[in-house]
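As structure tokens, the structure follows; a few thoughts come after it.
Values in this text are rule-based calculations from the coordinates and carry no lab data. Worth saying up front: this structure is predicted, and the values here are computed from it rather than measured. For neighbour counting, all protein chains shown are included, and Cβ atoms are generated from backbone atoms with ideal geometry for every residue, glycine included.
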Amino acid sequence: MKDVFQAVQVTDHVYWVGAIDWDIRDFHGYTTPRGSTYNAYLILGDQIALLDTVKAPFMGEMMSRIASVVDPQKISVLISNHSELDHSGGLPAAVEAIRPGKVYASAVGVRTLQELFHGALEVLPLKDGDRLSLGNLNLTFLETRMLHWPDSMFSYLEEEALLFSQDAFGMHLASLDRFDDEMDPDVLKHEAATYFANILLPYAPLVTQLLARVGNLGLRLGIVAPDHGPIWRKDIPVILDAYGRWARQEPTRKAVVVYATMWHSTERMARALSEGLKAEGAEVRVMAMDHVHRSQVAYELLEAGALICGSPTLNNHLLPQMADVMTYLKGLKPRNLMGAAFGSYGWSGESVRQLNDILVEMKVEKVGEGIRVKHRPDAGVLADCYALGREIGERLRAKAAPAA
Amino acid sequence: MKSYECGVCGYVYDPAKGDPDNGIAPGVPFEDLPEGWTCPICGAEKDQFSPL
């Protein structure tokens, strides 16, 4: 054996040659407790093609896996489905080492790679619907703009019914297993949903369009090979159905209470609200931003029907950890939510108004004008919080399906 | 009235449909969209759009 890093065969002609990142925990603000993989794929046709590369520090691992099945110098075509640096970071070094005849990306990808590498690469554009022959095998390309970057595209290998879907249908999950049927389906569901909630949610309407388009094209999907996490070969209908459901953002009777607290007053309000919600049959998540990561909130909100947010006032503003999570959630554009704001204060008390303003920007249907209290909530204020929880719970029961 | 395509994400503004989610009623020509209107999908500004 020349090297410990081996390629993994996916189909007759396709091999996984990516890298496993056991240690990554922070993906530009999205926490990844299970690490990730950067998936690159080798197609051994009459001409040999490499689809995507890996994050730059993992290039040695990728090149070793390639060399386990073929001399890298024999690769003649390099295709970048997605220009983000976890997939393109290794591209200049790969071009240097392999010297392929052609490097391809989508038209927007050509521009993005130029903006990243400043002329270090010569890249040719592919249009939506273009085909590329590798002799005995044929690739077709589909632009998937804003899923999740403007440059993103899918590549489809017709003869093997294999869709290279770049970040779509992926997840952050480091593993030595490569295929969905080798892994715990509950973990896959959790990590795929977390990925969708944190990366794809802002573009949910485009996901709906894309699923319709893939359906209309009548593509046979024997294998779906994303750029992170497992390759789907068994539960393809499961992940396609889940994407359809998440993209529709149908609310359920689940309420997420997210708050931060200084001296436990806002916390007491959160607890009273949560009890009121539960009394009306809502499924409740109570998330204190002093302990919880913003990307876990995004996950919980994915199938929720209500967002109730609380913050004390610190120096005329939200507590910073609440400003953090609200900015993050606003950018993810969740839809079909109802909600409310609450919080305690010592003298000026701007936080509830500021939270209300954010809820309006997020197009959340507000229930009431919020509850604010000076210093500690007494029994009467806590009863008001409980009643607000009940009111939101009642409305959820009237309009939303039971939580899954 | 002409439709306009966003050069970043490919969203098409169709004046017949408007952009009701963002307060633009059907029938508003692209040229009359208010200052500050951005692509509802990717947030690109009006100057990123071109006529179809």
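Here are some notes:
- Both radii come from the Cα set of chain B: Rg as radius of gyration, Rh as Kirkwood radius; their ratio Rg/Rh reads 0.90.
- A:Asp3/A:His375 FRET efficiency (R0 45 Å; Cβ-Cβ; nearest 0.05): 0.10
- Relative contact order of the stretch A:1-151, defined on C-alpha pairs under 8 angstrom at six or more residues apart (%): 18 percent
- Kirkwood Rh in Å, taken over all unlike Cα pairs in the stretch A:135-219: 14.3 Å
- Rounded, prolate or oblate (a/c below 1.5 giving rounded, otherwise prolate when a/b exceeds b/c) for the stretch A:183-246 by Cα gyration tensor: oblate
- Note: relative contact order over chain A, using C-alpha pairs below 8 Å and six or more positions apart, is 12 percent.
- Contact order, relative form, for the stretch A:196-321: 30 percent (alpha carbon pairs under 8 Å, 6 or more residues apart, mean separation divided by residue count).
- Listed from fewest to most Cβ neighbours within 10 Å, the set A:Trp246, A:Trp232 follows the order A:Trp246, A:Trp232.
- Between A:Asp23 and B:Glu31, the FRET efficiency estimated from the beta carbon spacing at R0 = 60 angstrom works out to 0.70.
- Here the ratio of the Cα radius of gyration of the stretch A:235-327 to 2.2 N^0.38 Å is 1.23.
- Proximal charge balance of B:Gly10 [Cβ under 11 Å; K/R count +1, D/E count -1]: -2
- When the helices of chain A are scored as -39500 (n - 2.57) per DSSP H run of n ≥ 4 and the total is divided over every residue, the value at 222 nm lands at -10500 deg cm²/dmol.
- On Cα atoms only, tilt of A:185-195 relative to the major axis of chain A in degrees: 80 degrees
- Among A:Ala225, A:Met269, A:Ser152 - extreme Cα towards positive end, dipole of the protein assembly as shown, charges at beta-carbon: A:Met269
- Summed residue charge, Cβ within 15 Å of A:Leu217's Cβ, Lys/Arg positive, Asp/Glu negative: -1
- About the Cα centre, charge dipole magnitude for the protein assembly as shown (Lys/Arg +1, Asp/Glu -1 at Cβ), debye: 940 debye
- Residues whose amide H lies under 5 Å from that of A:Val373, counting only those 5 or more places away or on a different chain, are A:Gly343, A:Ser344, A:Tyr345; hydrogens are built 1.01 Å from N in the peptide plane.
- For A:Val54, A:Val224, A:Val103, the sequence from fewest to most other C-beta atoms within 10 Å is A:Val103, A:Val224, A:Val54.
- Taking max minus min of the alpha-carbon positions on each principal axis, the stretch A:39-185 gives extents of 42, 34, 33 Å, largest first.
- What the Cα convex hull of the stretch A:1-72 gives, in volume per residue, is 100 Å³.
- Per the Kirkwood formula applied to alpha carbons, chain A shows a radius of gyration over Rh ratio, Rg over Rh, of 1.06.
- Under the simplified labelling scheme, the A:Ile236-A:Ala56 pair shows an inter-label distance of 3.7 nm, with each label point 7 Å from Cα along Cα→Cβ.
- With a Förster radius of 22 Å applied to the beta-carbon distance between A:Gln114 and A:Val70, the computed FRET efficiency rounds to 0.15.
- Other residues within the sphere of radius under 14 Å centred on the Cβ of A:Ala97, judged by their own Cβ, net out at 0 (K and R +1, D and E -1).
- Taken as Cα centroids, the stretch B:32-52 and the stretch A:1-44 sit 38 Å apart, rounded to the nearest whole angstrom.
- If you take the alpha carbon atoms of the stretch A:263-378 and fit the smallest convex hull around them, that volume is 98 Å³ per residue.
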